[in-house]
Amino acid sequence: MQAPIGPAATPALAAAVSEAGGIGSLGASWTEPAVLRTQIRDVRRATERPFWVNLVLAFYPEERLEVAVAEGVEVISFSWGARSDLVDRAHAGGCLVIAQAGTPAEALAAVEAGCDAIMAQGVEAGGHVQGEIGVLALVRELSRSVSLPVLAAGGMADAGGVRAAMSAGAAGAAMGTRFLATPEADVHPDWAARLVAASAADTVLTGLFDGGWPDAPHRILRNSTYRRWEEAGRPPAGSRPREGEVVARHDGVEIERYASDEPRRTTAGDLEAMCLYAGQGVGLVTAVEPAAELVSRIAAELDSGP
């Protein structure tokens, strides 16, 4: 599965993953409903295979959910919570529902909300991270404590990681960072190059890039913004170095230092200083690779055994 990687998840990426035999996704939490409808239809024109739409509960998912249901999306996933009314609406539209969980308590809440599967997100994951437990430990516990299928997410970027997750009890696995380094992803070449060059030790879990989404820990690549803040003694928001400084622009919109925005293809400015999401599996990302080839290669490696 291709994890929902926010605006970087394009219709072309979702379609390529699904058409190759995986399950692609759109990270729709910040997408205008009319744009989401267009994106879903773009995916549909490129593949007849299932894909999923992810919605973060903190960003008013109701209207976007209605669009996804109306357009016949097969799978809906919710992150940072699970509400029974939204699950019921998705089920009424014929959708399967996955809820992301970073703790056993979150998984239990998803079961009680009526979800069909749990996405166990480990602390190794890139982007915004819900919990503090490693993915394999979390999968092992949830696969024994909940009655739903458990999917694994966090730190996986090759067949070996998927195999380990499934040995721990996962029914499937989702990769996010690995799919950032594909030509279909809306990722600036500079960010992609940094992913290819990075190792797990270059990532850090922080709350620093909180503009637009406060109080949500996230794993990133250390960069000049992070290092300058660390050297200043990690001051709180409001007194951080160069806070409020515009570091980039995207489609005419200014992006300030410490914003949660990532550098996309048409972003211009000091891209290195922006939020560079990456999970601990980044050291296994050694090249920018077409999504379909990536899915096919990982599937073949899984079929061939250890």
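The values are calculated or read from the model by the stated rules, or taken from the named source; none is laboratory data. These figures come from a predicted structure and were not determined experimentally. Heads up, the Cβs are rebuilt from the backbone with ideal geometry, glycines too, and the neighbour counts pull from every protein chain shown. Calculation scope for accessible area: heavy atoms of the full protein, side chains included, ligands and nucleic acids excluded. Shrake-Rupley method; radii C 1.70, N 1.55, O 1.52, S 1.80 Å.
Listed values, structure above:
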{"item": "Residues of the stretch 189-216 that turn out to be open to solvent by less than 60 Å² (accessible area, probe 1.4 Å), within 17 Å of Phe179 (Cβ to Cβ), assigned to a helix (DSSP H, G or I) and touching a helix residue (DSSP H, G or I) at 6+ places or on another chain (Cβ under 8 Å), as a count", "result": "3"}
{"item": "Cβ-Cβ under 6 Å pairs, at least 6 apart or on other chains, the stretch 102-121 side farther than 21 Å from Leu136 by Cβ, far side surrounded by 18 or more Cβ atoms within 10 Å (Cβ to Cβ) and among the acidic types (Asp, Glu)", "result": "none"}
{"item": "Scope the stretch 250-284; condition outside any loop (DSSP other than H, G, I, E, B) and of a type in the set (Gly, Ala, Ser); matching residues", "result": "Ala259, Ala268, Gly269, Ala273, Gly281, Gly283"}
{"item": "Condition met for Thr203 (under 26 Å from Leu96 (Cβ atoms), hydroxyl-bearing (Ser, Thr, Tyr) and within 18 Å of the chain's Cα centre (by Cα))", "result": "no"}
{"item": "Among (1) open to solvent by 70 Å² or more (accessible area, probe 1.4 Å); (2) touching a residue at least 40 places away in the same chain (Cβ under 8 Å); (3) in a helix (DSSP H, G or I) - the single one Ala299 does not satisfy", "result": "(1)"}
{"item": "Restricting the stretch 160-180 to residues that are surrounded by 24 or more Cβ atoms within 10 Å (Cβ to Cβ) and in a loop (DSSP other than H, G, I, E, B), the residue that is nearest to the chain's Cα centre (by Cα)", "result": "Gly176"}
{"item": "Single unsatisfied condition, Val247 versus (1) under 20 Å from the mean Cα position of the chain (by Cα); (2) assigned to a strand (DSSP E or B)", "result": "(1)"}
{"item": "Tally, over the stretch 6-30, of residues that are open to solvent by 10 Å² or more (accessible area, probe 1.4 Å) and either among the charged types (D, E, K, R) or over 18 Å from Tyr60 (Cα atoms) (or both)", "result": "9"}
{"item": "Qualifying positions in the stretch 222-239 - open to solvent by less than 70 Å² (accessible area, probe 1.4 Å) and within 22 Å of Arg194 (Cβ to Cβ)", "result": "Asn223, Ser224, Thr225, Tyr226, Trp229"}
{"item": "Residue satisfying all of: in the stretch 68-109; in a helix (DSSP H, G or I) and of a type outside the set (A, V, I, L, M, F, W, C); surrounded by the fewest Cβ atoms within 10 Å (Cβ to Cβ) among these", "result": "Asp85"}
{"item": "Which listed residue is modelled with pLDDT of 95 or more and in contact with a Phe, Trp or Tyr (Cβ under 7 Å, 6 or more places away or on another chain), from Val67, Val43", "result": "Val43"}
{"item": "Index of the failed condition, Arg41 passing every other in (1) part of a helix (DSSP H, G or I); (2) in contact with a Gly (Cβ under 8 Å, 6 or more places away or on another chain)", "result": "(2)"}
{"item": "Cross-chain or 6+ apart pairs with Cβ under 6 Å, the stretch 242-270 first and within 13 Å of Trp191 (Cβ to Cβ) and open to solvent by 70 Å² or more (accessible area, probe 1.4 Å), then not in a strand (DSSP E or B) and not basic (Lys, Arg)", "result": "Arg265/Asp186; Arg265/His188"}
{"item": "Qualifying residue in the stretch 115-130 (condition: crowded, with 18+ Cβ neighbours inside 10 Å, in a helix (DSSP H, G or I) and touching a strand residue (DSSP E or B) at 6+ places or on another chain (Cβ under 7 Å))", "result": "no"}
{"item": "Residues (in a helix (DSSP H, G or I), without any contact (Cβ under 8 Å) to a residue 40 or more places away in the chain and open to solvent by 10 Å² or more (accessible area, probe 1.4 Å)) located in the stretch 138-159", "result": "Arg140, Glu141, Ser143, Arg144"}
